[in-house]
Structures are given as structure tokens and as C-alpha cells.
1. Output the residue which, of all residues in the range 28-44 that are among the aromatic types (Phe, Trp, Tyr) and not in a helix (DSSP H, G or I), is surrounded by the fewest Cβ atoms within 10 Å (Cβ to Cβ).
2. I want to confirm something. Restricting to the range 13-27 and keeping residues that are without any contact (Cβ under 8 Å) to a residue 40 or more places away in the chain and under 23 Å from PHE82 (Cβ atoms), which single residue is surrounded by the fewest Cβ atoms within 10 Å (Cβ to Cβ)?
3. Show me the strands (runs of 3 or more DSSP E) entirely contained within the range 50-105 in which 2 or more residues are within 18 Å of SER15 (Cβ to Cβ).
4. Identify the residue in the range 24-68 that is in contact with a helix residue (DSSP H, G or I) (Cβ under 7 Å, 6 or more places away or on another chain) and among the small types (Gly, Ala, Ser) and, among all such residues, is nearest to VAL103 (Cα to Cα).
5. If we keep just the residues of the range 63-121 that are over 17 Å from LYS48 (Cα atoms) and touching a Cys at 6+ places or on another chain (Cβ under 8 Å), which is surrounded by the fewest Cβ atoms within 10 Å (Cβ to Cβ)?
Amino acid sequence: MSLEVKALTGENLKSVLAELARLRMTVFHDWPYLYEGSLDYEKEYLSKFASCSGAVCVVALDGRTIVGASTGAPLLEHADAFAEPFKKAGFDVDKIFYCSESVLLTSHRGHGLGHKFFDLR
């Protein structure tokens, strides 16, 4: 298995949204999520995320295929509802980076990719 891990931002991130949507649906369909999402919903969700100026998606590639991904963005750019509890608790939300989902195909787990995801976000 030859894995490459790299961070994508801006147009590079936007260019893989359809593949990321399919990956999320595949991983979230399995236990414990049992998610029955739709490609349209996933594409819309990821498009909003990718429009954040500070958004990053770290992808794990096996050859040319994305087998894992981990997303993050400045908290204030991601969702106001997520930022509000931090504001109320007295945190400086301008300094918080929100590490959101990490998804990885079962076949590629156990190779330390989770650590690489955090390092690159």
C-alpha cells in the first residue's frame, strides 16, 4: 500500500468535493453511524465548508483514489452555532481552529493516518 497524505485548500479543495462526498457517505453508512445521506446533501455541505477562506482538507490517497479525509476551518468561518458556546465560556473564538470530521475507509485504518490528519490540519 502506497499512501500519500496532503493538505488541500482553495480551488484544489473544491476540485475534489464530489469524491469527498462519496467517501463521507461510504464511511458514515457503516456502524456506528448508519447514515443514509444523499450525494446532493453532501455536496452542498462540503461546498459551504470549502467556501471558508481558512478551510483545509487533508486527504489520504492510495494511488489516485482518496481513501481518507480530514477537514477543518477557523471556528468563526465554520458555523456560528458552534462558536456561540465558546464565546459564552469566555474563549477567544478568533483563535480557535475547528477540526471537524475525519473519515477513512476501513481497509486503510491502522497505518497512523489519523495522526497525520491532525498534524496537517
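1. Residues of the range 28-44 among the aromatic types (Phe, Trp, Tyr): 28, 31, 33, 35, 41.
Next, from what is left, pick out any that are not in a helix (DSSP H, G or I): 31, 33, 35.
Working: TRP31: 5, TYR33: 12, TYR35: 13.
Checked the range 28-44; the qualifying residue surrounded by the fewest Cβ atoms within 10 Å (Cβ to Cβ) is TRP31.
2. At the first step, the residues of the range 13-27 found to be without any contact (Cβ under 8 Å) to a residue 40 or more places away in the chain are 14-15, 17-18, 21-22, 25.
Still in the list and also under 23 Å from PHE82 (Cβ atoms): 14, 17, 21, 25.
Working: LYS14: 15, LEU17: 18, ALA21: 21, MET25: 17.
In this case the residue turns out to be LYS14.
3. Values: elements: 56-62, 65-74, 97-104.
Fully inside the range 50-105 and qualifying: 56-62, 65-74.
4. If we take residues in the range 24-68 being in contact with a helix residue (DSSP H, G or I) (Cβ under 7 Å, 6 or more places away or on another chain) and among the small types (Gly, Ala, Ser), then GLY68 is nearest to VAL103 (Cα to Cα).
5. Taking the candidates together, the pick is PHE118.
Bear in mind these aren't lab numbers, they're just calculated from the coordinates by the rules spelled out. If you're wondering where the values come from, they're calculated on a predicted model, not measured in any experiment. Quick reminder, even Gly has a Cβ in these numbers, built from the backbone with ideal geometry, and neighbours come from all protein chains shown.
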